[in-house]
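Heads up: the structure comes next, in structure tokens.
Computed from the coordinates by the stated procedures, all read-outs in this text should not be read as laboratory data. In this text, all values refer to a predicted model and were calculated from it rather than measured experimentally. Quick reminder, even Gly has a Cβ in these numbers, built from the backbone with ideal geometry, and neighbours come from all protein chains shown.
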Amino acid sequence: MKTYDFNPRNSFMKKTFSIEKINPNESKVYVKSAFLGSWSFTLDSLDYDTLCLKLTRYCSNSEMIQDIFPELTSNQRECFITDPKMSLFFEDIPDEI
């Protein structure tokens, strides 16, 4: 398991990512955030070594997540930023209030 610290200027965005290799093409990502809590998700669209390399780039604060992970969907990228359970709340809000 490898661990990465994301420490941007905005302290609310600080996170720790731990990556566990499940098999050659599947990884479990554990995210810890002082502001948002902890969550995890499975990623099967990148191999473990590529994921680790890209997280190293992301945690260096030099690039946006969508530029580092263009092969992921926006929902997959969002899992690195916020708990996927949080999106369920926003899906229940009607467009017209």
Of the candidates 56, 27, 70, the farthest towards the positive dipole end of the chain (Lys/Arg Cβ +1, Asp/Glu Cβ -1, centred on the Cα centre) is 56
Calculate the spin-label point distance for residue 30 paired with residue 71, positioning each point 7 Å from the Cα along the beta-carbon direction, and give it in nanometres. 2.5 nm
What is the sum of charges, Lys and Arg at +1 and Asp and Glu at -1, for the other residues whose Cβ falls under 15 Å from the Cβ of residue 22? -2
If every Lys and Arg gets +1 and every Asp and Glu gets -1 at its Cβ, then about the Cα centre the chain yields a dipole, in debye to the nearest 20, of 600 debye
Can you give the net charge of the other residues whose Cβ lies under 15 Å from the Cβ of residue 53, counting K and R as +1 and D and E as -1? -1
For the range 38-45, just list the computed ³J(HN,Hα) in residue order, Karplus coefficients 6.51, -1.76 and 1.60, θ = phi - 60°, integers in Hz, with x standing in for Gly and Pro. 10, 7, 9, 7, 9, 10, 10, 9
Hey, what did the chain get for relative contact order, percent, Cα under 8 Å, at least 6 apart? 20 percent
Using only Cα atoms and rounding to the nearest 10 degrees, what angle (0 to 90) does helix 48-59 make with the longest principal axis of the chain? 60 degrees
Here, residue 62 and residue 44, labelled 7 Å along Cα→Cβ, have an inter-label distance in nm of 3.4 nm
